[in-house]
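The values are calculated or read from the model by the stated rules, or taken from the named source; none is laboratory data. Please read all numbers here as calculations on a predicted model, not as lab measurements. Heads up, the Cβs are rebuilt from the backbone with ideal geometry, glycines too, and the neighbour counts pull from every protein chain shown. Each accessible area value is taken on the protein alone, full model and side chains, heavy atoms only, with ligands, DNA and RNA left out. Shrake-Rupley method; radii C 1.70, N 1.55, O 1.52, S 1.80 Å.
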Amino acid sequence: MDNDFKPLLVNEDIFFNHYKGKGLAEIIHGLSWVTESFGIVDQLRKDPGNSKLKMRLIRDILPELKKEPVGEKAFSRLNEIEIYIEKHDSLETLAEMLDILLRELSKGYRLLLQGYATR
């Protein structure tokens, strides 16, 4: 298993320091937003015209991801994604924009959970 966390968008120090000393529930709560984001992108690929899914992403999920300790670069990416969703319908570009960020967050949460489990 790859345990290196060399983020392109997520600031490693901010991310890990935020969760230092927090419990399992807080880690899982943050991970749930990432998981739902992946799910919504998959659902939008099957039903690209589903405005309810897009609105869920804009109104609920992206604001919650912005509350996560992602760092300045990732926060800017979330803002770009929000603007993109409002102006465009291309799901491939949306998936690409979200992919790196979500994968990095997933990897960070996985490392947090491993650390929590080995305490």
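Brief remarks follow.
- For region 64-119, a residue qualifies if it is touching a residue at least 40 places away in the same chain (Cβ under 8 Å), open to solvent by 50 Å² or more (accessible area, probe 1.4 Å) and not in a helix (DSSP H, G or I), and exactly one does: Asp89.
- Check on Leu9, in a helix (DSSP H, G or I) and surrounded by 14 or more Cβ atoms within 10 Å (Cβ to Cβ): no
- Residue check: Pro48 meets all listed conditions (1) in contact (Cβ under 8 Å) with a residue 12 or more places away in the chain; (2) under 14 Å from Ser106 (Cβ atoms) but one, namely (2).
- For region 40-63, a residue qualifies if it is within 14 Å of the chain's Cα centre (by Cα) and open to solvent by less than 40 Å² (accessible area, probe 1.4 Å), and the qualifying residues are Ile40, Val41, Leu57, Ile58, Ile61, Leu62.
- Ile27 vs. criteria in a helix (DSSP H, G or I), under 15 Å from the mean Cα position of the chain (by Cα) and at pLDDT 85 or above: yes
- Matching residues in region 14-35 - criterion: being open to solvent by 60 Å² or more (accessible area, probe 1.4 Å) and farther than 13 Å from Glu68 by Cα: Lys20, Gly21, Lys22, Leu24, Ala25, Thr35
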